[in-house]
Every structure is written in structure tokens, then in C-alpha cells.
Amino acid sequence: MLIVEGLRTKAGGPLGLALGGGEIVALRGPSGAGKSLLLRAIADLDPAAGEVSLGGTPRASIAAPEWRRRVAYVPAESGWWDDRVGAHFPAGGGSESNRIAELIEALGLDPAALGWEVRRLSTGERHRLAIARALVREPEVWLFDEPTAALDAEAASLVEAVIRKGRARGAAILLVTHDDAQAARLADRTLTMADGCLVAREGAG
């Protein structure tokens, strides 16, 4: 379980939430409310006061690279630091290579994309590959910022299927979405951010 207590970001706070394994929580709220800042703070990408723990272990006692392996964040717009797609994925072979190929195929892409140049990717391909690279190490917590906003209906459906499979395997998933229908389809419960606070809504959507 992911526990957030007394977290303060540039958008406000204190913020608290508990996210269990096998649970999908939708995070809603107007633009500028601080939803992305909350995800980045949980992922330890921005400085923020407060406490975050995973499985009872405080984040402060876990090395930052290990934390970001276990708590994966996928922004609305991904960053790429090498010209080739494959350089952004683990270089290991065997089961890890198989897992990479399976993820890429599940997201509707050709595993040969690992050999492509990043510049030839469409916006949707780039985003789906960013999802694949975040999930390939099987993180315990998935943090998504608008996971399907840049995708067409078919690609969005594939991403949602991957998210459902993650829940079935026990991942704890927090996703920001402005799509009411998506929240209703995926979420076990919804949190709304407004005025620097989180307000729970009962039920899915």
C-alpha cells in the first residue's frame, strides 16, 4: 500500500491518500489544481514536505533510483534523452526482453520500434512507448497523468486494457483524467482536487 501523509506541494496541501494494491483511483479536478504536482511529488521528482511510504517503508529510507523503479510516473508528455528508442529500455535479455516485447505489442506497437529513431515516432507512439518503458520493470505503483489524452480511441482502449491487467496483478494505480467516461470505466473510487485539498467521492467514476 502507498500511504501519503501531510504532503505539501507548490499548489497547496497538506494532502493525504492511501492507495492499495489492485486498486485504481482516478484523480480529478480543474486544470491548475495541482494534480500533476501531486503525482510528481509522490514519485520524488519535485521537492515536497510530508511523508510517503510504500508497504510500510518510508520513502526516505529507499534510494531514489529504487523508489522510482517501484513507483513509476508517466507524464502527459514524455521526455526522451537519446536518439534511439531502444536506449530508453533495459538492455537485459531473456525474460526482460520478452516482457518488453509483450508490453509493446499489448500497446498496439511493433517490437521493432526499439530500433527506431525517436524523431520518427508520432505523438501517440511516443506516449505508448513511454508507458511501456515505465512499466517494464513491473513497478508496484503506477502514476499516470492523462494516460490517453493524446491517443485515438483504439490506442486508448489498448492502454486501458494494460491498466486493467496491472490492477489484476496487484499494482496500485493513480491516474489523472479529465475523461468522465474513463474514470467510470476504470476507477474503483475518485478523488477530486480543489483549493489545495483532496475530496473523496464514493464509488467508481
### Summary
Phi-derived 3J(HN,Hα) across region 11-21 with the Karplus relation (6.51, -1.76, 1.60, θ = phi - 60°), rounded Hz, x for Gly and Pro, is 8, x, x, x, 10, x, 7, 10, 10, x, x
### Task
Work out the charge dipole of the chain with +1 on the Cβ of Lys and Arg and -1 on the Cβ of Asp and Glu about the Cα centre, then indicate which of Gly6, Gly34, Gly170 is farthest towards its positive end.
Gly6
#### Entry: Sites Glu105 and Lys10 - FRET efficiency at Förster radius 35 Å, r taken between beta-carbons, to 0.05
0.35
### Message
Need one word for region 153-205: rounded, prolate or oblate. Basis is the Cα gyration tensor (sqrt eigenvalues a ≥ b ≥ c); a/c below 1.5 gives rounded, then a/b vs b/c decides.
### Response
prolate
### Rounded if a/c under 1.5, otherwise prolate or oblate - the chain, Cα gyration tensor axes
prolate
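Please report the relative contact order for region 60-205, taking Cα pairs under 8 Å with a sequence separation of at least 6, and give it as a percent rounded to a whole number.
24
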### Summary
Applied in sequence order to region 114-125, the curve 6.51 cos²θ - 1.76 cosθ + 1.60 (Karplus, θ = phi - 60°) yields integer Hz couplings, x standing for Gly and Pro, of 4, x, 7, 7, 4, 5, 8, 6, 6, 4, x, 5
### Query
Can you tell which of Ala150, Ala41, Ala60 shows the greatest fluctuation in a Gaussian network model of the chain with Cα springs below 10 Å?
Ala60
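Mind checking the full-extension length gain between Asp188 and Trp80? Use 0.36 nm per residue of separation minus the Cα-Cα distance, one decimal, nm. Please report the intermediate quantities before stating the final value.
Working: separation 108, 0.36 × 108 = 38.88 nm, distance 3.23 nm.
Full extension from Asp188 to Trp80 adds 35.6 nm.
Every number in this text was worked out from the coordinates using simple rules, so none of it is lab data. On a predicted model such as this, the values are computed, not experimentally measured, just so you know. Neighbour counts are summed over all protein chains in view; Cβ atoms, including those assigned to glycine, are modelled from backbone coordinates with ideal geometry.
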